[in-house]
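Note sheet for the following structure.
The values are calculated or read from the model by the stated rules, or taken from the named source; none is laboratory data. Please read these numbers as outputs of a predicted model, since none were measured by experiment. Cβ: placed from backbone, ideal geometry, glycine included. Neighbour counts: every protein chain shown. Protein only, heavy atoms only, side chains kept; ligands, DNA and RNA dropped before computing areas. Shrake-Rupley method; radii C 1.70, N 1.55, O 1.52, S 1.80 Å.
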Amino acid sequence: MLKVVVFIKQVPDTSSKAGVNPDGTIDRARAKRMLNNFDRYALQKAIEIKRSVGAEVTCVTMGPPPAIEVLVEGLEHGADYGILLTDKRLAASDTLATAYALHKVVGYIGQVDIILTGLQTTDGDTAQVGPQIAERLDLPQISYCESLTITGKTAKARRVVEGGFQNVETAMPLLITVANSATPLGHKRFIEVAQVKEMLRTPEERARRIKSVSLDDVGADAARTGLVGSPTVVGKTWKLGEVGGSCKVFEGEAVETEVARLLESLAADSRNIAEMLHG
Amino acid sequence: MKRIEYDVLIVGGGIAGLTAAHRLVDAAKTAGTPLRIAVVEKAKNFGAHVLSGAVSNPRSVKKLFPDYETNGFPLEGKCAESHLTLLGAQRAKDMPFAPPEMNKTGYLILSLSNVCAWMAENLVEKTKDTAVAVDLYNGFAAQDILYSGQRVTGVRVDDTGAPEQDNCYAKITIFADKGLLSRDLIEKFNLAQSNQTYAVGVKEIWETDQDFSGKVWHTLGYPLMDGNFGGGFIYGLKDKKLAIGMVAGLDSENPNLQPPQILQAMKKTPFVQQMLKGGKLARYGASIIPEAGWFAMPKELAVDGAMIAGDAAGTMDIKGFSGVDKAMESAMIAADVAFGALQKNDISKAALAAYQEALLDGWVGQELKASRYYRHAFHENKALFSDYLPVVLKGLDKGCMMSGGVKAFFSGPGGLISGGLNLLKLMGGGGSGELRLPEDRTCPKPKHNAVPLAEPEGFAKNSVYLTPDMVFYAHTHYHHGNDHIKEFDAAVCKKCIARFEAGNNPPPCVGDCTADVHSVLAKDGAKSHQMALENCVQCRTCEIVCPEKNIRVNPALHGSGPDFRGL
Ligand SMILES: Cc1cc2nc3c(=O)[nH]c(=O)nc-3n(C[C@H](O)[C@H](O)[C@H](O)COP(=O)(O)OP(=O)(O)OC[C@H]3O[C@@H](n4cnc5c(N)ncnc54)[C@H](O)[C@@H]3O)c2cc1C
Ligand SMILES: Cc1cc2nc3c(=O)[nH]c(=O)nc-3n(C[C@H](O)[C@H](O)[C@H](O)COP(=O)(O)OP(=O)(O)OC[C@H]3O[C@@H](n4cnc5c(N)ncnc54)[C@H](O)[C@@H]3O)c2cc1C
Ligand code: SF4
Ligand code: SF4
């Protein structure tokens with residue numbers, strides 16, 4: 001059976017108001033948490049592979065203990081195992097450090113056929129972690145993958161490229177970053193949700209399906225992770241202002257007049273935005 | 001594959017369902033016995049499909065959570081000031097004599113959706129490190145009832161096609177679904193007594209400039225002047241929020257009620273305008289209210305393996321608008337009986353029937369029985385309101401309610417006195433015999449001629465909304481491929497449209513929908529019934545008023561629907 005690993009990350013809930021700390025970092029304690037939206041496409045791909053050709057799917061996340069929630073979510077969607085890499089020394093890891101730590105988890109799992117990641121995250125937004133893991137593991141990578149066909153140990157993929165798409169084919173093992181134009185994550189099935197609930201109540205079963213590991217467990221060098229292992233320097237962060245506002249309805253006059261008013265208003269808004277961006 | 005089975009399965013995580021779950025957890029914890037409970041709720045999040053007033057007698061909340069004032073139970077406030085207000089297009093005045101059931105001083109002011117969200121969260125906390133398991137399935141709608149012979153064995157909650165994957169089984173199923181699925185149970189076992197009389201309630205939450213917390217108004221009059229049952233409510237919530245709503249009986253002859261617009265009309269009155277000044281609309285929603293009470297309760301509230309609680313069992317009491325406390329009490333009794341039955345290993349109808357006995361012998365039954373003619377009193381005495389109320393209100397708008405009252409009296413003293421006496425007698429519990437209520441769907445008249453109302457002057461245009469704009473504030477979201485309302489026969493709709501349009505009215509589904517879902521499409525000279533299901537707030541009004549029983553609102557799947565949180 002194919003072994004599939006999917007990297008998923010817990011991020012601050014984009015619909016809740018996350019604050020920015022005085023030092024410019026995100027105040028994660030105050031924000032509600034959610035599964036990174038881009039990773040939902042990667043998870044869906046993993047489940048599709050499992051349901052079409054049969055596979056054992058392991059979700060891996062790196063984060064503080066509450067990140068276990070996204071593993072449970074992955075299992076409720078049909079994944080088989082979850083691994084949480086959690087360690088105080090990981091705090092403030094940049095993409096270099098994150099990819100280093102995550103590639104060690106792949107080594108810890110052992111033989112893997114397909115590694116899936118999302119395109120990017122909604123908090124870090126660099127889209128670097130997936131490709132970096134591939135480089136560290138010296139694996140072929142297919143980025144921006146939209147659709148995928150598996151035959152034996154080969155993967156045929158359609159990638160989104162500027163102005164069109166590209167068909168590629170490569171042998172396993174490989175790493176794939178899944179585009180957000182791929183199939184969206186499906187609905188949880190009752191049976192899977194019910195079984196996960198039961199599993200969480202059975203300590204042995206829970207320990208078998210969800211593991212929490214430290215840097216030492218995966219054989220990672222702590223000096224290459226966390227703040228010390230992260231060369232990134234954050235210059236400055238600032239709040240761009242509140243998103244939202246109220247809906248403006250153009251009505252009361254003839255349609256032509258209203259459309260003209262709408263266009264004028266849009267033009268004025270874009271002037272304001274340009275001013276805001278360019279000072 | 002092992003089938004998924006619980007001791008108790010609760011269908012519907014509203015106030016009754018979650019009350020039953022809490023009570024069961026408490027009972028099992030006290031007895032120290034393991035218990036497995038499941039709650040299935042069609043909304044994505046608990047509370048997101050729950051809409052109520054709500055001002056409630058604290059008795060049931062106190063019984064379930066004796067420490068509700070300190071345990072984090074979300075209260076919006078306590079009523080410190082209660083008004084029954086006569087609303088005219090220009091002026092408003094408190095009624096000089098209000099029936100005692102409308103005095104809400106000391107009652108709890110709640111956002112029932114917030115209460116349900118809290119109760120679900122708290123339920124999980126409560127069971128940590130105990131032998132009691134509560135599995136919450138929000139986002140899963142119960143679609144069919146499962147039977148083994150005459151015994152209910154659970155519900156189907158998924159549609160992969162494999163029964164062992166789709167079904168949730170239980171020894172006892174408690175239906176607290178406001179009738180959405182349990183109506184099938186009532187039909188199968190022929191449990192209905194009389195028809196139900198429904199009202200539809202539309203409600204908005206406003207963030208305002210002023211603090212109205214602890215204040216409660218119930219209004220009569222404008223814009224419901226045609227004798228139909230209904231009225232407005234305005235509740236001051238904490239954090240400068242205001243709940244404002246309108247309830248209108250669906251036993252109306254008017255096929256074009258436009259419930260959201262009745263609420264807008266009420267908002268246009270100067271009395272409401274001064275409250276909304278500087279505020280903004282935060283949320284909108286709608287829900288139905290089963291108002292008939294005693295005579296419309298199912299004959300039996302339990303069958304083999306199942307029980308019915310809350311609005312599904314018709315416990316809502318229109319006298320004093322007592323729905324929340326009665327739904328909770330019924331759920332607590334149902335839970336107690338279910339727990340006892342499981343302990344004795346007897347889940348037969350005979351064992352579960354103790355629930356009905358206890359409910360009807362207790363205060364819920366006594367109060368419902370005493371008010372059994374209350375709602376009907378208004379149906380029977382429509383003329384009292386349509387003939388005299390406008391005259392009284394005209395007097396009020398001119399500045400003197402007395403003059404209006406006197407005028408009304410002399411305009412037809414006989415009718416007023418006899419009608420009034422009849423109304424008071426029925427409201428007070430007088431009357432005799434079984435009531436057989438008409439089906440609401442038989443009430444709308446194609447030729448109904450609604451009298452246009454003079455609009456209040458000087459209202460702020462941006463404080464009222466067109467129905468398509470209001471829907472935006474219900475935050476509805478549907479999954480791809482959703483088709484939760486079923487139309488049975490397009491030809492029947494065509495005839496219905498022709499019949500109502502001949503009377504210059506839209507068909508009732510179009511006229512009474514709370515979210516601009518239904519419409520009549522004219523194309524190539526033919527007219528047909530259309531639905532924009534992505535707007536639907538799942539109130540079920542359209543199904544109730546459809547004269548031909550030609551549509552059915554089914555539970556929407558995958559957590560689809562409105563988001564009523566905060567309402
Ligand atoms: C300028 C800048 C400064 C930053 N400064 C700080 C800082 O000071 N302190 C700090 O804590 N963070 C900081 N971050 C965030 C941090 O670098 C990233 O969150 C982290 O390295 C992961 O990268 P990413 O979120 O950009 O992931 P991407 O590269 O955008 O994610 C691609 C994919 O990789 C996988 N993935 C990424 N992260 C994880 C994970 N944790 N677990 C499992 N899978 C994962 C997912 O599949 C994801 O879809 C900063 C980011 C930027 C851009
Ligand atoms: C506008 C309005 C104002 C009101 N004002 C007051 C008031 O001031 N005071 C008062 O005491 N009462 C008031 N009531 C009445 C009161 O709200 C109800 O009596 C009470 O909420 C009934 O509780 P319930 O649990 O039976 O139904 P609900 O609380 O409505 O819960 C039903 C739940 O079941 C779920 N459900 C339904 N079908 C399914 C299915 N097939 N599968 C899964 N889940 C399902 C629904 O999503 C919902 O969460 C008011 C009602 C309305 C509409
Ligand atoms: S759904 Fe009912 S009310 Fe609407 S047009 Fe069809 S028959 Fe008439
Ligand atoms: S379509 Fe029916 S159920 Fe949906 S909002 Fe309109 S009246 Fe309510």
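Only one of (1) on the phi > 0 side of the Ramachandran plot; (2) open to solvent by less than 20 Å² (accessible area, probe 1.4 Å); (3) away from every other protein chain (no Cβ under 14 Å) fails for residue B:139. Which number is that?
Here residue B:139 clears every test but (3).
For the stretch B:14-61, which positions are open to solvent by 20 Å² or more (accessible area, probe 1.4 Å), in a helix (DSSP H, G or I) and over 26 Å from residue B:244 (Cα atoms)?
B:23, B:26, B:27, B:29, B:30, B:31, listed by residue number.
Can you go through A:200, A:148 and tell me which one is open to solvent by less than 60 Å² (accessible area, probe 1.4 Å), within 14 Å of another protein chain (Cβ to nearest Cβ) and in contact with a Lys or Arg (Cβ under 8 Å, 6 or more places away or on another chain)?
Result: A:200 is the single residue among A:200, A:148 that is open to solvent by less than 60 Å² (accessible area, probe 1.4 Å), within 14 Å of another protein chain (Cβ to nearest Cβ) and in contact with a Lys or Arg (Cβ under 8 Å, 6 or more places away or on another chain).
Evaluate the following for residue B:190: is it over 30 Å from residue B:86 (Cβ atoms), surrounded by fewer than 17 Cβ atoms within 10 Å (Cβ to Cβ) and away from chain A (no Cβ under 14 Å)?
So residue B:190 passes the test.
Can you tell me which residue within the stretch B:313-329, out of those that are assigned to a helix (DSSP H, G or I) and within 16 Å of the chain's Cα centre (by Cα), is nearest to residue B:54 (Cα to Cα)?
Checking each candidate, the answer is B:324.
Just need a number here: residues in the stretch A:161-187 that are in a strand (DSSP E or B), aliphatic (A, V, I, L, M) and surrounded by 18 or more Cβ atoms within 10 Å (Cβ to Cβ).
4
List the pairs whose first member sits in the stretch B:530-548 and is open to solvent by less than 30 Å² (accessible area, probe 1.4 Å), whose second member is within 16 Å of ligand 1 (Cβ to nearest atom), and whose Cβ atoms are under 9 Å apart, counting only residues at least 6 apart or on separate chains?
none
How many of the residues in the stretch A:101-128 are under 20 Å from residue A:215 (Cβ atoms), within 10 Å of ligand 1 (Cβ to nearest atom) and surrounded by fewer than 23 Cβ atoms within 10 Å (Cβ to Cβ)?
1
Would you tally the residues in the stretch B:146-167 being more than 8 Å from chain A (Cβ to nearest Cβ), out of contact with any Gly (no Cβ under 6 Å at 6 or more places or on another chain), without any contact (Cβ under 8 Å) to a residue 60 or more places away in the chain and surrounded by 13 or more Cβ atoms within 10 Å (Cβ to Cβ)?
Matching residues across the stretch B:146-167 total 2.
Just give me the residues in the stretch B:168-182 being of a type in the set (Ser, Thr, Tyr) and within 14 Å of another protein chain (Cβ to nearest Cβ), in sequence order.
B:169
Given (1) more than 29 Å from residue A:91 (Cβ to Cβ); (2) more than 14 Å from chain B (Cβ to nearest Cβ); (3) touching an Asp or Glu at 6+ places or on another chain (Cβ under 6 Å), identify the lone condition not met by residue A:214.
With respect to (1) more than 29 Å from residue A:91 (Cβ to Cβ); (2) more than 14 Å from chain B (Cβ to nearest Cβ); (3) touching an Asp or Glu at 6+ places or on another chain (Cβ under 6 Å), residue A:214 is out only on (1).
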